[in-house]
Amino acid sequence: MKKKPSIIAWWSGGLTSAVACRLALEKYENVRIVYIETGSHHIDTIRFKKDCEKWYGCKIETIQTDKFDNHFDVIIKKNLSMVLLVLDVHLSSKKMLDLILKNIIILVIKFGVMNFL
């Protein structure tokens, strides 16, 4: 007998994906819930992930590259000279702001002010 394919539900750490994953679990069999760890998540994401795992009654699978620490690391290691930073409510924590400022300084040093702007 042929095995049914898995349904992959992407859990991003936000409310909308949390509800979408719950609906997928209710509607389909063989659902895998996957979270992509970027190294740049909001500080409350891990707590929310644990809450959702209790709500779902199953674990959320976490995947992460071993090539990069976070999305800024991608920019630096790939020598990208054009950067778009979108600051939203998730980036308002001091830890994230410090990370952003540190990496902006690295980018300005690496590429020069004119290439950065």
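Here, each number is a calculation from the coordinates, and none is a lab measurement. Everything numeric in this text was worked out from a predicted model, so none of it was measured. So basically every Cβ, Gly included, is an ideal-geometry build from the backbone, and we count neighbours across all protein chains shown.
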**OP:** Mind giving me the FRET efficiency for residue 6 and residue 62? R0 is 22 Å, r the Cβ-Cβ distance, nearest 0.05 is fine.
**Re:** 0.85
Subject >> Cross-link pairs 27/54; 4/59; 27/50; 2/50; 3/27 - those with Cα-Cα distance over 26 Å >> reply: 2/50
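Relative to the present Cα-Cα distance, how much length would full extension add between residue 32 and residue 70 at 0.36 nm per residue of separation?
Details: separation 38, 0.36 × 38 = 13.68 nm, distance 2.38 nm.
Full extension of this stretch gives 11.3 nm more.
For Cα pairs less than 8 Å apart in space and 6+ apart in sequence, what is the mean separation divided by the residue count of the range 1-64, i.e. the relative contact order in percent?
Numbers: 71 pairs, mean separation 22.7, N = 64.
This gives 36 percent for the range 1-64.
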Subject >> Dipole axis of the range 1-64 (+1 Lys, Arg; -1 Asp, Glu on Cβ), positive-most option in 24, 34, 6 >> reply: 6
